[in-house]
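Step one of this worksheet: look at the structure below.
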Amino acid sequence: MVVLLQPVTFNSDVYVNPKCKPSPVPVPVIDLTDADAKTQIVKACEELGFFKVVNHGVRPDLLTQLEEEANKFFAMPQYLKEKAGPPDPFGYGSKRIGPSGDMGWLEYILLNANHHLSSTKTTAVFQQTHAIFREAVEEYMDEMKRMACNVLEMVEEELSIEPKEKLSKLVKVEESDSCLRVNHYPEKEETPAKEEIGFGEHTDPQLISVLRSNDTEGLQICLKDGSWVAVPPDHSSFFIIVGDTLQVMTNGRFKSVKHRVLTNTKRSRLSMIYFAGPPLTEKIAPMSCLVLKQGSAL
C-alpha cells in the first residue's frame with residue numbers, strides 16, 4: 001500500500017541516516033471552517049505536500065473510543081492477533097514484512113474502507129475484538145471519507161477543476177480503494193545507541209492520506225532540500241498528506257511528500273491513517289484542465 005523510495009537492507013536493526021538531522025518545522029495549520037481554507041490548502045499542497053487541519057468536525061469521543069479499542073487489540077496475546085494474519089494485504093501484520101515500507105519496529109492492522117467488500121482477514125480482526133471496535137472503525141472511516149472529500153472539493157474549487165467532483169468522486173464511489181491502517185509502535189525496552197526507524201521512508205500512493213496519532217512524537221517529513229524535520233504531534237487534529245495519485249492528477253503541481261516514523265523509547269505510538277484512493281480500475285493521468293494551464297503533461 002506504500003511506495004518505498006530506496007532499497008532496503010534487512011538488518012537486525014534499522015537506523016536513521018546520520019546525515020539527516022531532524023528539527024521542528026512550521027506545519028501549515030488550516031481551519032476547515034475558514035472562508036479562505038481552499039486557498040490555504042492549495043498553497044500547502046504546492047509548497048510542502050503536508051498540512052494540519054483543525055475544526056474538522058470529528059467528535060473527540062470517537063477518537064478516544066477508537067484509540068482505546070485499538071490499544072486493546074494490540075495488547076492481546078500474539079497468538080490471538082496472528083489469527084488475523086498474515087495480511088492479504090488486509091488483516092494483521094508485524095515488524096519487517098517486506099520491501100514496501102514496513103522495515104522497522106511496528107505492528108498494524110489494515111482494513112478495507114468499503115463495508116461491503118470485507119476480506120477474510122478483516123473479518124478475523126473483528127472476530128478477536130468486541131463489537132464496539134467494529135462500530136468505532138466504521139464510523140471513523142465514514143468521518144475520514146467525509147473529511148477527505150471535503151479537502152478534495154476545496155482543491156477542485158480553488159483550481160477551477162471541471163467537471164465538479166472530479167477528484168472527490170474517486171473516493172465517494174463504492175469501488176474506491178480507500179483503506180484504514182492502524183499502526184502500533186511499541187516502546188523499546190532499551191534505549192538504542194542510535195535513533196531507530198519505526199516505519200521506513202515512503203510516499204503514499206493514494207490521492208491523500210488523513211493521519212492522526214496518540215500525541216506521541218516520531219513522525220518526520222522530508223523537505224525539498226532533502227533534510228528531515230520532525231512534526232510536532234497533536235492528537236486532537238489531523239494531518240493531510242499529498243499522495244502520488246494526486247501529484248500525477250495535478251500534473252506535478254502538488255508534490256507527494258516522503259515521510260517516515262522513528263521509534264519512541266519513552267512510550268508507544270499509535271497512529272491511524274485513512275488512505276483516500278481511487279478505484280483500482282481507474283486510469284490515472286494529469287487532468288486536462290491543468291495540462292492546458294501549465295502547458296505540458298508529466
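The values are calculated or read from the model by the stated rules, or taken from the named source; none is laboratory data. The structure displayed is predicted, hence computed values, not measured ones. Don't worry about glycine lacking a Cβ; one is built from the backbone with ideal geometry, like all the others, and counts go over all protein chains shown.
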Note on the range 223-242: residues surrounded by fewer than 19 Cβ atoms within 10 Å (Cβ to Cβ) and in contact with a His (Cβ under 8 Å, 6 or more places away or on another chain) are S237
Could you please tell me which pairs satisfy a Cβ distance under 9 Å, a separation of 6+ or placement on different chains, a first residue in the range 91-111 that is part of a strand (DSSP E or B), and a second residue that is of a type outside the set (A, V, I, L, M) and modelled with pLDDT under 70?
G93/D102; S94/D102; E107/K95; Y108/D102; L111/S118
When the range 201-236 is examined, which residues are found to be under 30 Å from N251 (Cβ atoms) and of a type in the set (A, V, I, L, M)?
L207, I208, V210, L211, L219, I221, L223, V229, V231
Would you pick out the residues in the range 222-241 that are of a type outside the set (S, T, N, Q) and under 28 Å from E69 (Cα atoms)?
A230, V231, P232, P233, D234, H235, F238, F239, I240, I241
Does L159 meet the test of being closer than 22 Å to H259 by Cβ, modelled with pLDDT of 90 or more and over 15 Å from the mean Cα position of the chain (by Cα)?
no
Take the residues of the range 119-151 that are in contact with a Phe, Trp or Tyr (Cβ under 8 Å, 6 or more places away or on another chain) and not in a helix (DSSP H, G or I): which is modelled with the lowest pLDDT?
S119
Taking I273 as the residue in question, decide whether it is assigned to a strand (DSSP E or B) and within 23 Å of T64 (Cβ to Cβ).
yes
Would you please list the contacts, defined by Cβ atoms under 9 Å and residues six or more apart or on different chains, that run from a residue in the range 227-255 that is in a loop (DSSP other than H, G, I, E, B) to a residue that is aromatic (F, W, Y)?
V231/F50; V231/F239; G243/F275
Quickly run through the range 187-216 and pick out the residues that are touching a helix residue (DSSP H, G or I) at 6+ places or on another chain (Cβ under 8 Å) and either among the hydrophobic types (A, V, I, L, M, F, W, C) or at pLDDT below 85 (or both).
L207, I208, V210
Positions within the range 276-290 being outside any loop (DSSP other than H, G, I, E, B), of a type in the set (A, V, I, L, M, F, W, C) and more than 28 Å from F133 (Cβ to Cβ), in sequence order
C289, L290
Against the definition (under 26 Å from L32 (Cβ atoms) and under 13 Å from the mean Cα position of the chain (by Cα)), how does V229 come out, yes or no?
no
Being closer than 28 Å to P89 by Cα, among the basic types (K, R) and surrounded by 14 or more Cβ atoms within 10 Å (Cβ to Cβ) narrows R253, R212 down to just R212
If I go through the range 165-189 residue by residue, how many of them are of a type in the set (F, W, Y) and in a loop (DSSP other than H, G, I, E, B)?
0
V261 fails exactly one of the following numbered conditions: (1) over 23 Å from E68 (Cβ atoms); (2) modelled with pLDDT under 90; (3) assigned to a strand (DSSP E or B). What is the number of that condition?
(1)
